[in-house]
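Reviewing the structure listed below.
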Amino acid sequence: MHPETRLVHVHAPVPASTPLSVPLYQTSSFAFDDPGPLADGLHRPDGSYVYSRFANPTVRALEETVADIEGGVAAIATGSGMGAISTVLHGLLRTGDHVIAQHTLYGGTLATLRDLSDRFGIDVTYVTGHDPEEVREAITPRTRILYLETVANPTGHVSDLPNLAPVARAAGITTIVDSTFATPILCRPIEHGADIVIHSVTKFLGGHSDVTGGIAVFADDERYRTVWGHGVEFGSVADPFAAWLTIRGLQTLALRMARHEENVTRIAGFLSGHPAVERVLWTGAADHPSHAIARTFVRGFAAPFCFDLAGGYDAGLRFQQGVRLVRLAPSLGGTQTLVLHPASSSHRQLDEKQLREASISPGTIRIAVGIEHPEDLIADLDQALSGS
């Protein structure tokens, strides 16, 4: 063969030993000697690797790892947390269906539900997430989904999953739980009745602010295959390199969560006694409205939390400009401590009534505590609060 041809057709050796790191299969397609396995792989998720939009070995390693730790049968990794949410909702809902959702959801999730309502006539009934009877009364013949968050963004509201999921199951309704804030280290929702668990792996699972991704874990094979088929056409697939980065982050998840919780406890205590702070909403505090529920099935309190500044909206803006070590950024779950003003950023889509229903005030600050030394964080927060 000519040099031009030999340069193109590079053949990588298959080692007899096992690599310690999951190999990165940065390829769009896979070649075959037999057309049968190629055709088969295009029709089912457990077929041969054919095209990385359908399946990829690196992405599959991430999916199987998270499905295993969550206690699910399979998972679908996507390009973002919203990709996972959208893929699941679009894969399960049809025009005229009905969704029951808790009030205190991530702003992007609320926006997606509004879009589904406006464009496809899908009705949404919002509930507190605390009362099984409230859910039972909201059920209609068209109800298909109960949508909850383990620990809500940013108020720390914890839905009473162990008592709500049986109500949904008895009516044939799929329970979906976004467990991004809890991670599988603090809660495994499938153990408490969830049918689908969603994570933004951009946050704690990846853990280093260097990857964007999402994942949906399924308790049963039928729902998995239904949503997988839709996801393939929807094009929400995870990138192999992003999946590889997430796998690397997963290996230290338990260690990082322990440090997050240690630091969160210190920071929440400091803020609770500061004169510039009106209220601290941390699920780990005994006075948090969801504290008692959380203690029944959540194994710790490492999640980001929020606090209200006495000066309201303007104080929130000044505080963001005053931090130095702490960073102003729209994410969470990484090694660095980040703050955000929900009313002007993550929940800007909500009107005043919706903000109140989500327990967000004009002066609310969300803080995602990282793994730095807590005394350094306290010093920076203290000087920023003096100017708010």
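State log₁₀ I(q)/I(0) for segment 141-238 at q = 0.14 Å⁻¹ as given by the Debye formula over alpha-carbon point scatterers of equal weight, solvent excluded.
The Debye formula, applied to the Cα set alone, gives -0.56.
Would you please classify the overall shape of segment 69-182 from the alpha carbon gyration tensor, given that a ≥ b ≥ c denote the square roots of the eigenvalues, rounded means a/c under 1.5, and beyond that prolate means a/b larger than b/c while oblate covers the rest?
Rounded shape, in that the Cα axes give a/c under 1.5.
Tell me the angle of helix 107-120 to the major Cα principal axis of the chain, expressed in degrees between 0 and 90 and rounded to the nearest ten.
70
Looking at ILE365, ALA254, GLN354, which one has the Cα that reaches farthest to the positive end of the dipole of segment 253-385 (charges on Cβ: Lys, Arg +1; Asp, Glu -1)?
ALA254
Each residue of segment 283-291 in order: what ³J(HN,Hα) in whole Hz does its phi give by Karplus 6.51 cos²θ - 1.76 cosθ + 1.60, θ = phi - 60°, with x for Gly and Pro?
With coefficients 6.51, -1.76 and 1.60, one gets 4, x, 7, 4, 8, 6, x, 9, 4 Hz.
For segment 35-250, what mean projected area does the convex hull of the alpha carbons give, in nm²?
The Cα convex hull of segment 35-250, projected and averaged over all directions, gives 11.2 nm².
For ALA74, list long-range residues whose amide hydrogen, built 1.01 Å from N in the peptide plane, is under 5 Å from its own amide hydrogen.
Those qualifying (amide H under 5 Å, at least 5 residues apart or on another chain) are PHE218.
Which of ALA384, ILE198, PRO162 sits farthest toward the positive end of the charge dipole of the chain, with +1 on the Cβ of Lys and Arg and -1 on the Cβ of Asp and Glu?
ALA384
Show the residues, 5+ positions off or on another chain, whose built amide H is closer than 5 Å to the amide H of PHE181.
Amide H to amide H, under 5 Å and 5 or more residues apart or across chains, PHE181 pairs with VAL151.
If you rank HIS103, HIS288 by fewest surrounding Cβ atoms within 10 Å, what's the result? Don't jump to the answer; show the numbers that get you there.
Details: HIS103 17, HIS288 21.
The fewest-first ordering by Cβ neighbours comes to HIS103, HIS288.
As I understand it, the value is the acute angle between the Cα axis of helix 253-272 and the longest principal axis of the Cα atoms of the chain; what does it come to in degrees, rounded to 10?
Helix 253-272 sits at roughly 20 degrees to that axis.
If one computes P(r) from the Cα atoms of the chain, what percent of pairs lie at distances over 26 Å?
I get 54 percent for the Cα pairs in the chain exceeding 26 Å.
Could you work out the relative contact order of the chain, using alpha carbon pairs under 8 angstrom and six or more residues apart, expressed as a whole percent?
Working: 777 pairs, mean separation 66.0, N = 388.
Averaging sequence separation for qualifying contacts and normalising by length gives 17 percent for the chain.
Which trypsin sites (Lys or Arg not before Pro) in segment 133-214 sit in a loop by DSSP (not H, G, I, E or B) and have at most 14 other Cβ atoms within 10 Å of their own Cβ?
ARG142
For helix 57-70, what angle does its Cα long axis make with the longest principal axis of the chain, in degrees from 0 to 90 and rounded to 10?
With both axes taken from Cα atoms, the answer is about 50 degrees.
In whole angstrom, how far apart do the alpha carbon centroids of segment 276-311 and segment 95-147 sit?
25
Quote the relative contact order of segment 253-385 in percent (integer), defining contacts as alpha-carbon pairs under 8 Å separated by 6+ residues.
The normalised contact order for segment 253-385 reaches 29 percent.
Rounded to whole Å, give me the distance from the Cα center of segment 162-209 to that of segment 228-258.
16
Looking at the square roots a ≥ b ≥ c of the eigenvalues of the Cα gyration tensor of segment 1-64, which shape do they give, rounded for a/c under 1.5, prolate if a/b is larger than b/c, or oblate?
Working: a/c = 2.16, a/b = 1.23, b/c = 1.76.
In terms of gyration-tensor shape, oblate.
Read the figures in this text as sums done on the coordinates, not as results from a lab. All values derive from a computational prediction rather than experimental measurement. All Cβ positions, even for glycine, are placed from backbone atoms using ideal geometry, and neighbour counts span all protein chains on display.
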